[in-house]
1. Let me know the Rg and Dmax you get for the stretch 10-88 when you use only its Cα atoms, in Å.
2. Do you know the relative contact order of the stretch 14-222, to the nearest whole percent, from alpha carbon pairs under 8 angstrom that are 6+ apart?
3. What's the ranking of 62-71, 159-168 by average number of surrounding C-beta atoms within 10 Å, highest first?
4. Using a simple charge model, +1 on the beta-carbon of Lys and Arg, -1 on the beta-carbon of Asp and Glu, nothing else, what dipole does the stretch 116-224 show about its Cα centre, in debye to the nearest 20?
5. Where the eigenvalues come from the Cα gyration tensor of the stretch 34-130, what are the semi-axes √(5λ) of the equivalent ellipsoid, largest first, in whole Å?
6. Put +1 on the Cβ of each Lys and Arg and -1 on the Cβ of each Asp and Glu in the chain; which of PRO54, ILE29, GLY101 then has its Cα farthest toward the positive end of the dipole?
7. Quick one: putting +1 on the C-beta of Lys and Arg, -1 on the C-beta of Asp and Glu, what dipole do you get for the chain around its Cα centre, in Debye to the nearest 20?
8. For PHE72, PHE214, PHE15, PHE45, which order do you get if you count the other beta carbons within 10 Å of each Cβ and list the fewest first?
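Bear in mind that the values in this text are calculations on the coordinates, not laboratory data. Here the structure is a predicted model, which means the values were calculated and not measured. In this analysis, Cβ positions are derived from the backbone assuming ideal geometry, glycine residues included, and neighbour counts consider all displayed protein chains.
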Amino acid sequence: MSSSGVNSSPRASLFVLAAPSGTGKTTLIQRAFSGEWPDGGPPEFSVSHNTRDPRPGEVEGEHYYFVDEAEFQGMIAAGEFLEWAQVHGQLKGTSGNEVEGRLEAGVDVLLDIDVQGVESVLAVRPDACSILIVPPSFDELKRRILDRGHDSSGDVTRRLSVSLCEIERYALFDYVIINDDAERAGRQLIAIIVAWRSRLARRLHRIEMILEDFHRALEPGERR
């Protein structure tokens, strides 16, 4: 596992979202991004690199950048990843260039990564907002994985075992969403992002400008 730092504007927020395989994270994100946003719209979505083959319906550059292992290893050697990890036999990673320019421009970014990746990102960006999506139960997660229809029985067992390890890392995260209803979970994701944007660290520059405005408008004798 490896990482490279990202320098960014303190007024831009990095959101890192993780979930066990089959939890419904992709559907949740789609619901949230197509919903109503009361504060500035959704963050921009960062597309990860992945060494597995595309699944039916997945689009290059929209769901993942699909690369072979040699190219991925070359990017590791060049220090191009903000985070990367081997998950379920495939290599996944987030390019630092995919994130850096947006954050420096003050644009919020959302990473859809695995729990290992969240740990790597928080090591270099402890100010990031981390969100864990979990299934409502073991049986429901197993049903969702089986319904996808592209995993062998051995793969299903392995994914469920990895899911346990990932859920056990819940204390790493700022927020947890239980995805028992995609519509409701999507609204919760919006609420978390909007609330995070209102933190003092994000609003400090605006507050200082407002205070300067009051100081200019009020004479010293008019201040309490």
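1. Over the stretch 10-88's Cα set, Rg and Dmax evaluate to 14.8, 43 Å.
2. Result for the stretch 14-222 is 30 percent.
3. Values: 62-71: 13.4, 159-168: 15.4.
Taking the mean over residues of other Cβ atoms within 10 Å, the ranking is 159-168, 62-71.
4. That gives the stretch 116-224 a dipole magnitude of about 180 debye.
5. Working from the Cα gyration tensor, I get semi-axes of 23, 17, 12 Å.
6. Positive-end residue among those listed: ILE29.
7. 660
8. Ordered from fewest to most neighbouring Cβ atoms within 10 Å, PHE72, PHE214, PHE15, PHE45 come out as PHE214, PHE45, PHE72, PHE15.
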